[in-house]
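A.B. asks: Starting off with a structure, shown below.
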């Protein structure tokens, strides 16, 4: 065991690895190199004393892992440490975590390249593997063109970048880490180490001398910029590639099925449109978000057209162009281009797009070309001109040229249009209720809407929606809340007019519990001119999307939708949207409400009910999964999660939120982004076209087992979280949740309102705080008790455990639930959690809560082994096992320093360095855990 210290990267020294584990040796070598460079940087910048403290902390952390010393001895190393000394130690371990992320990402690329070079079958979750599975299904007679066409009608895969990240890195650090990644990639795939290492040292030094956290809280404008950077980093390049490939592959297999007339992969955003609990979202922010997105799209097109003009230099004396291209180029009167028809045509396209930008953008991009031409009215007109150039090139044997930059540009216009990505609006149903009540009272329609019963509310709202009469006018005297909400929806209406209906595709209603909640949102859309149900042809470019969040709301969601669709007016709006209805499912609040297992099962049951509702009512259902980065908020491997959906729940369409540090981990690099986007599309195709549930006729008995387990898990979770006296006090004292509000990672507060109730806490700080303290309670609590009680409830526990083992083997949902729980358990650490528990001053409360947590943790590990037969929690996830082994000893000092600084801060030591040290430990732990929020 002693030799294992050499396997891991010491900061500042390079050791040799013992023989063995050859497959991961290149990764360990990368980690050693980066760790040595970082160590040298620490020594050069802060001297031997700080360097020695970092090294002592590293060595002692490994001794803790080998059980050679007690954790209290490591904690003693930091007791009384000067804040000025603590900060470089925190920064050293934080930056090592960022560098270890780079090494792991490069290693995954390296391993995939090795698999491909060896001619091995493509790995699951890749599109190549999915195509092979589809071919096998065709060979077995399980798929035909008609069934594929029906299943993929309106296909959509949409990762939605959300507005409340736990991503803590500043843009500068993000860019520096990107440069380090490029250098390590070059080194891994044949670059000269002698030339690369000096540049690596420069980049690590720059990162060391750059502040890791912000001095001020993020503004929404910063969040908008942060979200858009992933387009320039990866999406603009990768999304068109994936769309083109998927369309070509599916149309090659089913050429007469008319598949994917629209791009399947279309990204979305909540940044600047999600105002649930965020008063900083205003009409101006909506305009900024939609306008900034459009600016990125047109700037990309301008750059591509400039390059395309240089490339398409063919002479009219040498090629025969089409009449369409000749006509297109007539508006270019540049004599230098007289013999260059394609350059003339591209300049005209460029000029017309410049006129479009002048008309629709608030700020002008670079590389404009003004020839005084008319703007394009729609992206379709731009695409038609590009298509004409494509057809002409192919007409004279230049398909090689057409298939290069021009093909990428055409595909980009198809998916990004003038809008880039769709911005969803979201608001809480309580706000809608209050605003609509005010509007109805001001207009004289009804003075006490809030006092009406649900049925009377529905009748009143339906009557209003059936007229074109507005409830307000220019001189309406309204509250600030009502004015703000109406202004926001009007800003959305402007975006729809200017950038097209794809710019604001959905209106999401948080905490939706009733039909009136749906209709209240419809009233606001009507006031802004975004809904007209009075005529023969109803109009509503935005989908009205209920978000069912708590367990009770999930259980009643299908009934709410049945009642809404039974209303002729509402059904006419759905019919106007091609009989499509989107429903969003909330993973975060359902988990906070009922715990891990109960929430996961409530979501599965809700999907089953919604699928049945859609079948009975004849609508096409699209589910929108509100997943966070961590397992406690619906996170975990996306491929497994999608395959674990119930039969009929995907149907070619999938939307899911992407949040926090997970966004950078998935989409910061083109290669990594392609892999992760492929995963989403591959899983969607498989879930849609193949039988992946695996239960068959045994489904109902399996569902009854999970009904039982979920009910028991929810009771166990509720007994701790909702019924234990003082639990919220324990949570706030034993975690840094109060201090999370000072970590400048988002524009919204940590609670919806001042509270001592768990239900009012936001899900992100709830999960992030438990992650920081290494308890990770939202990802497992209650499951152990549920299984133990289930086994004890029958006459033959052995027979019951065989039932669970059989479900684990055959049912992707149950296997995924257990696998994700195991990942969280592997990242949790009750020894470190005990250090955080010491922050609770009330000893009786500390023992009352922590003893329960510790006992349930042991139960969860035991039942996982009992069901799976694996005594290794990460037996089915070797990549994460490597990460835990390589990385987690380096987290230990961050946790101990966080506890030490929290103790001082709460005792009254409010010096700036203490506060900064706490925030730095949070940043370091979030970066290292990679899916903590």
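Quick note: the coordinates plus some simple rules give every number you see, no bench work behind them. Since the structure is predicted, the reported quantities are computational estimates derived from the model, not experimental observations. Positions of Cβ are backbone-derived with ideal geometry, glycine not excepted, and every protein chain shown enters the neighbour counts.
A.B. asks: Could you let me know the centre-to-centre spacing of the stretch 224-271 and the stretch 492-507, using Cα atoms, in angstrom?
C.D. replies: That distance is 20 Å.
A.B. asks: Taking all pairs of distinct Cα atoms, average 1/r, flip it, and tell me the Kirkwood hydrodynamic radius of the stretch 485-531 in Å to one decimal place.
C.D. replies: Kirkwood radius, the stretch 485-531: 11.1 Å.
A.B. asks: A further question follows. With the cut-off at 26 Å, report for the stretch 458-577 the share of all Cα pairs above it, as a whole percent.
C.D. replies: 20
A.B. asks: I've got another one for you. Report Rg(Cα)/(2.2 N^0.38 Å) for the stretch 697-916, keeping two decimals.
C.D. replies: The stretch 697-916 yields a ratio of 1.12.
A.B. asks: With equal scatterers on the alpha carbons only and no solvent term, can you work out the Debye log10 of I(q)/I(0) for the stretch 71-113 at 0.29 1/Å?
C.D. replies: The Cα Debye sum returns log10 ratios of -0.95.
A.B. asks: Let me ask something else. Would you compute, for the Cα atoms of the stretch 364-514, the largest minus smallest coordinate along each principal axis and list the three values in descending order, in whole Å?
C.D. replies: 73, 35, 27
A.B. asks: Also: Please report, in whole Å³, the volume per residue of the convex hull around the C-alpha atoms of the stretch 211-332.
C.D. replies: Cα-based convex hull of the stretch 211-332, divided per residue, equals 228 Å³.
A.B. asks: Cα convex hull of the stretch 814-871: mean projected area in nm², to one decimal?
C.D. replies: The directionally averaged projection comes out at 4.2 nm².
A.B. asks: Divide, for the stretch 526-634, the radius of gyration over alpha carbons by 2.2 N^0.38 Å, where N is the residue count.
C.D. replies: Relative to the 2.2 N^0.38 Å estimate, the stretch 526-634 comes out at 1.16.
A.B. asks: To the nearest Å, what is the center-to-center distance of the stretch 44-70 and the stretch 840-883, using C-alpha atoms only?
C.D. replies: A separation of 27 Å, based on Cα centres.
A.B. asks: Also: Hey, how much of the P(r) for the stretch 867-933 falls beyond 15 Å, as a percent of Cα pairs?
C.D. replies: Every Cα pair in the stretch 867-933 considered, those over 15 Å come to 61 percent.
A.B. asks: Hey, what does the equivalent ellipsoid look like for the stretch 279-327, semi-axes from the Cα gyration tensor as sqrt of 5 times each eigenvalue, largest first, whole Å?
C.D. replies: Gyration-tensor ellipsoid for the stretch 279-327: 41, 12, 4 Å.
A.B. asks: Can you put 282, 226, 785 in order of Cβ neighbours within 10 angstrom, beginning with the fewest?
C.D. replies: Taking fewest neighbouring Cβ atoms as first place, the list is 282, 226, 785.
A.B. asks: With all distinct Cα pairs included, what does the Kirkwood hydrodynamic radius of the stretch 395-456 come out to in Å, to one decimal, could you say?
C.D. replies: About 16.6 Å for the stretch 395-456.
A.B. asks: Can you tell me the mean projection area, over all orientations, of the convex hull of the stretch 424-626's alpha carbons? Units nm², please.
C.D. replies: Directional mean of the projected Cα hull area for the stretch 424-626 stands at 11.1 nm².
A.B. asks: Also, quick follow-up: Binned at 5 Å from 0, what are the whole-percent values of the Cα-Cα distance distribution for the stretch 347-386, short to long?
C.D. replies: 6, 28, 33, 25, 7, 1
A.B. asks: Let me ask another. Jot down the radius of gyration and Dmax of the stretch 609-725, Cα atoms only, both in angstrom.
C.D. replies: 17.1, 50
A.B. asks: Please give the length that would be gained between residue 252 and residue 796 if that part of the chain were fully extended, namely 0.36 nm times their separation in residues minus their C-alpha to C-alpha distance (nm, one decimal).
C.D. replies: Value of the extension gain: 190.4 nm.
A.B. asks: Related question: Say each of residue 334 and residue 67 gets a label point 7 Å from the Cα, pointing the same way as Cα to Cβ; how far apart are those two points in nm?
C.D. replies: Those two pseudo-labels are separated by 7.5 nm.
A.B. asks: Using per-residue counts of other Cβ atoms within 10 Å, averaged over each peptide, order 680-688, 384-392 from highest down.
C.D. replies: The peptides rank, most packed first, as 680-688, 384-392.
A.B. asks: Something else now. Quick check: the distance between the Cα centres of the stretch 310-365 and the stretch 392-469, to the nearest angstrom?
C.D. replies: Here the two parts' Cα centres lie 35 Å apart.
A.B. asks: Among 315, 733, which comes first, then next, by fewest other beta-carbon atoms within 10 Å?
C.D. replies: Taking fewest neighbouring Cβ atoms as first place, the list is 315, 733.
A.B. asks: Just to be sure I understand the model, the point goes 7 Å from the Cα along the line to the Cβ. What's the resulting residue 719 to residue 186 distance in nm?
C.D. replies: Going by the 7 Å Cα→Cβ label model, 6.1 nm.
A.B. asks: Report D for the stretch 286-423 in µm² per second (integer): Stokes-Einstein, Kirkwood Rh on Cα pairs, 10 °C, 1.306 mPa s.
C.D. replies: 105
A.B. asks: Okay, next question. Using just the Cα positions, wrap the stretch 108-229 in a convex hull and report its mean projected area in square nanometres, one decimal place.
C.D. replies: Computing the convex hull of the Cα atoms and averaging its projections yields 12.2 nm².
A.B. asks: How do 638, 771, 67, 398 rank when sorted from fewest to most other Cβ atoms within 10 Å of their own Cβ?
C.D. replies: With the sparsest Cβ surroundings first, the list reads 67, 398, 638, 771.
A.B. asks: Separate question: For the stretch 232-303, what ratio Rg/Rh do Cα atoms give with a Kirkwood hydrodynamic radius?
C.D. replies: My calculation of the ratio gives 1.14.
A.B. asks: Principal axis extents for the chain, Cα atoms only, whole Å, descending order, please.
C.D. replies: So the extents along the principal axes, rounded to whole Å, are 81, 74, 63.
A.B. asks: Further question: Treating the stretch 795-933 as a set of equal point scatterers at the Cα positions, no solvent, please give the Debye-formula log₁₀ I(q)/I(0) at q = 0.13, 0.18 Å⁻¹.
C.D. replies: Relative scattering, expressed as log10 I(q)/I(0), comes to -0.73, -1.11.
A.B. asks: Here's a follow-up. So for the stretch 84-166, considering every pair of alpha-carbon atoms, how many percent are separated by more than 21 Å?
C.D. replies: 64
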